[in-house]
1. Net charge around Ala59, counting only other residues with Cβ within less than 11 Å of its Cβ (Lys, Arg = +1; Asp, Glu = -1)?
2. Charges on Cβ only, +1 for Lys and Arg, -1 for Asp and Glu, centred on the Cα centroid of region 58-158; of Ser135, Leu155, Ile93, which one is farthest towards the dipole's positive end?
3. Excluding Thr91 itself, calculate the net charge of residues whose Cβ lies under 15 Å from the Cβ of Thr91, where each Lys or Arg counts +1 and each Asp or Glu counts -1.
4. What ranking, highest mean first, results for peptides 86-92, 57-63, 151-157, 178-184 when packing means the other Cβ atoms within 10 Å averaged over each residue?
5. Solvent-accessible area per residue for region 58-108 at a 1.4 Å probe radius, Å²?
6. Could you work out the percent of alpha carbon pairs in region 152-197 separated by over 15 Å, rounded to a whole number?
7. How many percent of the accessible area of region 45-189 is carbon or sulfur, using a 1.4 Å probe?
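The values are calculated or read from the model by the stated rules, or taken from the named source; none is laboratory data. It should be emphasised that the depicted structure is a prediction, and the values quoted were computed from it without experimental measurement. When we count neighbours, we look across all protein chains shown, and the Cβ atoms used for this are built from the backbone with ideal geometry, even at glycine. These area figures cover heavy atoms from the full protein model, side chains too; ligands, DNA and RNA do not enter into them. Shrake-Rupley method; radii C 1.70, N 1.55, O 1.52, S 1.80 Å.
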Amino acid sequence: MFTLPFSVTLLSLLTVLFFLGFGQRVLDRMRLTDSEAVIILLVMIAGHFLPTVSLTSRAALNLGGLIPLGVASYLLVTTSNVERRRAAGVTLITAFLVFLTDKLLPLQPGVLDPVFSAGIFAGLAATFWGRSRRSAFIAGLLGVFLVDLAGMVQLWLQGVQEEITLGSGGLFSSMVVCSFLAVIITEVIGEVREAIHLGGNRDG
């Protein structure tokens, strides 16, 4: 029986919700229109079905992995210089923390599952660095990719002779999940802080 991957199911659900007008506040804070959001989601869905091509005898590239990179690049190009620098900083922090925890924590996934860790780190870093949903989304995408790229370089340096694929299907799913998880974390923390702030003002 044919079943869709979770990442594709998630993207499809979000596309329908945004098409129906839900999540407007989040889109406004990411400075995206409904049309831009739906197009981005549809492109990312299509990326899952792109093939893997061999570049050399030791390296291959999953073309679908380029789609999230294209989305992140579009979001960077169409924003302000301040936001661009913030997104770059949050991305580097995210990638560093994911790489560090992958090395220090046990191989068996525990509380901090590698599939979700980039989303958690990106969401927290973006919250404390300007509460930017756009930076959180970008860092969720690029943070995962940078760690995968670093792992690929490490395998090359170790002399692994097998073909190494950059942007595998697992990476695509992780980039999708982490990008939206980062936005959710930033949004939830922002809403809680606003509620606490408003509550304090009423008490005063």
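1. Working: positive: Arg58; negative: Glu162, Glu163.
Residues near Ala59 contribute -1 overall.
2. So the residue furthest toward the plus end is Ser135.
3. Working: positive: Arg84, Arg85, Arg86, Arg133, Arg134; negative: Glu83, Asp148.
Charge balance near Thr91 sits at +3.
4. Details: 86-92: 21.6, 57-63: 14.7, 151-157: 12.9, 178-184: 24.7.
Ranking, from highest mean packing down: 178-184, 86-92, 57-63, 151-157.
5. On the way: 2740 Å² over 51 residues.
Here the per-residue accessible area is 54 Å².
6. Working: 666 of 1035 pairs.
Across region 152-197, Cα pairs with separations above 15 Å total 64 percent.
7. Working: 4900 of 6900 Å².
Exposed carbon and sulfur together represent 71 percent of the surface.
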